[in-house]
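Let me begin by presenting the structure, written as structure tokens, before commenting on it.
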Amino acid sequence: MSKGVPVLSHPDRRTPVVLLAGFDGLPTTGVDHLARMLRDTPGTVVVRHDLTELHEGIVRRTVSYLPLGDPTGETIHHRTVHELAHGCVSCTLRADLLPLLCRLAARDSVRRIVIALDPAFEAEAVCHAIANVPVAGVVGRVDGPAGRDVRVEAVVTCLDARGWLADALSEETLADRGLADADDDRTVAQLAVGQVEFADAAVVLGADGALDADRARLSAVLDRLLPQAPRVWANDPEAVDAERIEALLTEIPADSRRGRLFDAHAPLLRGQPPLDTDHGVTLIEFATDRPFHPVRLHEALDVLFDGVVTARGRIWLATQPDEVVWLESAGGGLRVGSAGPWLAAMSPRELAAADPDRRALAALRWDEQFGDRDISLVILTCDGDADEIRRALHWALVDDAELLLVHSAPELVAQWEDPFGEWHADPCTDGTESDPASSASPTGEQRATER
């Protein structure tokens, strides 16, 4: 192409999708209110799945819209009941929501789709499914992901200023709250933190009912979880009208994630969050070029369960020199799993196929002995002891003598006890794998369940 000739880009003709997320009580009411406000825009279709009877294999779906050009101005509601062979979130996504999105996108009268998520749905998992799960059997459409027909325009999360932070620090499981079956091992904190962390914008409700100190602390947490995301503070849902919601959507920065999923090697600090301490809220960076001793790390992880909202990042275990290990926590829950091989452990063919950005960043810090292996963690604390966390993690690293063994005698290091070597729960009890569609993390095989 000659210099000076403009590059022509084709407009994205996929139907935009807005996801509304919330968790329990007031936020769920907030999700319903936001859905009603957006529903009154002609050409907008609102989809809502009620999963309260999911354990019985029953899903109730409501599709609501205001017809284009209808002089009556009355909203139409289509309510259907679906029976699933397997009552799970994955089946609901695959069997109903994804095909429905494809069918709605094919209609000229549908200009926007709003998904009012049931609390059992996680926005990240839904976006992952839209982008990656093949949809088959839709008449007149070639099989493939729904992402060919729709695009995620925004994820908006509602949260209760009076209770969200307590949920984010909780050790309870959804089953403890009566919000899920006993075989669903997700925690309250995992859902509360995940819905906020993945959002492009937030509506904070119950603001007037929160104490000034609590509101300031919550604001400090949100500044670090959602540094770029616009927020609306209101006492109750009715104070947020349709005009304000539409304005909120236009305030979302152009480079917001909008449903994009980042892998384990993407930057951990996105959007330039503040790194100072504010009302007891601190964002800790922990980075080093030596590995953890697996047993000492296992003992040290208790520091992530007291006053920590979330922790996430890549770790290098001395006993697993070829594998990137991903760690993430929310409140009292922890997961550890595989995130694929280090570049230094890849074959030439694998290395050639690796992400160019990852290879470029690794080249800047490449070590002659250990290649790109390192540890990089980000920990968000709320009244937690940042110094104690740093001391515990430093203590868990291999010492100089052990590091020499890592380099010169890896076969001996491989014989060290490794609590992370197999499926593992903390504390050490038998764990069961959660619904794979309930969480879309950068990890591959998950090897640790909630604490």
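The values are calculated or read from the model by the stated rules, or taken from the named source; none is laboratory data. The structure displayed is predicted, hence computed values, not measured ones. All Cβ positions, glycine included, derive from the backbone under ideal geometry; neighbour counts span all protein chains shown. To get the accessible areas, we keep the full protein, side chains included, count just its heavy atoms, and leave off ligands, DNA and RNA. Shrake-Rupley method; radii C 1.70, N 1.55, O 1.52, S 1.80 Å.
Summary table
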read-out: Per residue, in Å², the accessible surface of the range 277-414 once ligands and nucleic acids are set aside, probe 1.4 Å; value: 44 Å²
read-out: Arg365 accessible area, assembled protein chains, probe 1.4 Å, Å²; value: 110 Å²
read-out: Nonlocal amide H pairs with Ile58, under 5 Å, H built at 1.01 Å; value: Leu84
read-out: Residue-count net charge about His279 - beta-carbon cut-off 13 Å; Lys, Arg +1, Asp, Glu -1; value: -3
read-out: Heavy-atom accessible surface of the chain: percent carbon and sulfur, 1.4 Å; value: 50 percent
read-out: Peptides 195-207, 80-92 ordered by average Cβ neighbours within 10 Å, highest first; value: 195-207, 80-92
read-out: Relative contact order for the chain, counting Cα pairs under 8 Å that sit 6 or more residues apart, in percent; value: 16 percent
read-out: Fraction of antiparallel bridges per DSSP, the range 277-414 only, in percent to nearest 5; value: 95 percent
read-out: Karplus (6.51, -1.76, 1.60) ³J(HN,Hα), θ = phi - 60°, over the range 345-361, in Hz, Gly and Pro reported as x; value: 9, 7, 6, x, 5, 5, 5, 5, 8, 5, 4, x, 5, 5, 5, 5, 5
read-out: Neighbour-limited loop hits for chymotrypsin sites (Phe, Trp or Tyr not before Pro), the range 309-405 (at most 14 other Cβ within 10 Å; DSSP other than H, G, I, E, B); value: Trp366
read-out: The range 93-137-the range 214-229 distance, computed between alpha-carbon centres (Å); value: 30 Å
read-out: Sequence-distant residues sharing a close amide H with Ile284 (under 5 Å, placed H); value: Ile379, Leu380, Thr381
read-out: Probe 1.4 Å, protein heavy atoms only - accessible area per residue of the range 15-251 in square angstrom; value: 41 Å²
read-out: 5 angstrom amide H check on Cys158, placed H, neighbours 5+ away; value: Ala21, Gly22, Val203
